[in-house]
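Please see the structure below; I have some questions.
The values are calculated or read from the model by the stated rules, or taken from the named source; none is laboratory data. Computed from a predicted model, the values in this text were never measured in an experiment. In this analysis, Cβ positions are derived from the backbone assuming ideal geometry, glycine residues included, and neighbour counts consider all displayed protein chains. For accessibility, only protein heavy atoms count, side chains too; no ligands or nucleic acids. Shrake-Rupley method; radii C 1.70, N 1.55, O 1.52, S 1.80 Å.
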Amino acid sequence: MTACIRYWGVVPAAGVGKRMGGVIPKQYLAVAGKPVLQHTLERLLAVERFAAIAVALGAEDGYWPDLPCANEARIVTAPGGKERADSVLAALVRLEELAHLEDWVLVHDAARMCVTPSDVESLMDRLADHPVGGILALPSTDTLKGVEYGVIVDTVNRNHIWRALTPQMFRYGTLRFALEDAARRGLTVTDEASALELQGQRPAIVEGRPDNIKITRPEDLPLAAFYLEQQCFA
Ligand code: CTP
Ligand code: MG
């Protein structure tokens, strides 16, 4: 049974990058000579277990056709939506004719270009027999404060706090139902795990690498270039 289970990638890449600013969406800014999205997709394509990867693109996206990865046989595209969750859902719909309900889907932010193929594979390996699925995450290293009106009201017990990264890996059928149900109920979900949590599920945590950063603000670009160099994949 497990032998028939396949792995699909979903890459939401339809954001406008408001916090980054500028005219070019952040997924098309160059780092070490290549657009962010090209780096991200190369890293995912290095994982042979992916049967295909569905990339959700913005309606106004004129940059995609020039991306070398656009012609890859294992890449398909879907029209992105208003929120990240809408884009993920659109990519799942694109995979409808290809994926089985029990197949695994790994959702990975276009903006996390420093993800290593080995981290992706370790998520696949660790959760292959898991009943729910789960996500890469990092234990919080900072002391976290609850703040109201500019003053500290409490200190959060850091032992229970992890930062959610991507990829996030769930079964095609379960994930699609969870995202559609959240949309129906008008509930905002900022990652896939929270959609599963709303269904009463308990996604697993697999510790990821600290260099799997999400490019969000301008200062993240040189940081990503530095990490690439350190990883010797650039
Ligand atoms: N994303 C998407 N569709 C949206 C919004 C976001 O596919 N409607 C994607 C982004 O392209 C990004 C990932 O989801 O790869 C994570 O989102 P985020 O880092 O917040 O990117 P943006 O929404 O583009 O940035 P900002 O929030 O600063 O506008
Ligand atoms: Mg956003």
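Take THR143 and decide whether it is out of contact with any Lys or Arg (no Cβ under 8 Å at 6 or more places or on another chain), hydroxyl-bearing (Ser, Thr, Tyr), open to solvent by 70 Å² or more (accessible area, probe 1.4 Å) and modelled with pLDDT under 95.
So THR143 does not fit the description; no.
Restricting attention to segment 125-138, which residues are surrounded by fewer than 18 Cβ atoms within 10 Å (Cβ to Cβ), in contact with a strand residue (DSSP E or B) (Cβ under 8 Å, 6 or more places away or on another chain) and assigned to a helix (DSSP H, G or I)?
Across segment 125-138, the qualifying residue is only ARG126.
Could I ask something else about it? Can you tell me which of (1) in a helix (DSSP H, G or I); (2) of a type in the set (Lys, Arg); (3) within 13 Å of the chain's Cα centre (by Cα) is the one ARG112 doesn't meet?
Result: ARG112 fails condition (1) only.
Can you find, within segment 165-194, the residue that is most open to solvent (accessible area, probe 1.4 Å) among those that are of a type in the set (S, T, N, Q) and assigned to a loop (DSSP other than H, G, I, E, B)?
So, considering only residues that are of a type in the set (S, T, N, Q) and assigned to a loop (DSSP other than H, G, I, E, B), the one most open to solvent (accessible area, probe 1.4 Å) is THR188.
Among the residues of segment 26-58, write down those that are closer than 18 Å to CYS114 by Cβ, within 11 Å of ligand 1 (Cβ to nearest atom), buried (at least 24 other Cβ atoms within 10 Å of the Cβ) and not β-branched (Val, Ile, Thr).
LYS26, GLN27, LEU37
Among the residues of segment 195-234, write down those that are open to solvent by 100 Å² or more (accessible area, probe 1.4 Å) and within 14 Å of ligand 1 (Cβ to nearest atom).
The answer is ARG217, GLU219.
Within segment 218-234, track down each residue that is over 11 Å from ALA111 (Cα atoms) and touching a residue at least 24 places away in the same chain (Cβ under 8 Å).
PRO218, ALA225, TYR227, LEU228, GLU229, GLN231, PHE233, ALA234
Yes or no, residue by residue, for (1) touching a Phe, Trp or Tyr at 6+ places or on another chain (Cβ under 9 Å); (2) open to solvent by less than 30 Å² (accessible area, probe 1.4 Å):
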{"residue": "PRO79", "(1), (2)": "no, no"}
{"residue": "ASP86", "(1), (2)": "no, no"}
{"residue": "VAL93", "(1), (2)": "no, no"}
{"residue": "HIS108", "(1), (2)": "no, yes"}
{"residue": "CYS114", "(1), (2)": "yes, yes"}
{"residue": "SER122", "(1), (2)": "no, no"}
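Restricting attention to segment 1-24, which residues are in a loop (DSSP other than H, G, I, E, B) and crowded, with 24+ Cβ neighbours inside 10 Å?
Answer for segment 1-24, where residues must be in a loop (DSSP other than H, G, I, E, B) and crowded, with 24+ Cβ neighbours inside 10 Å: just ALA14.
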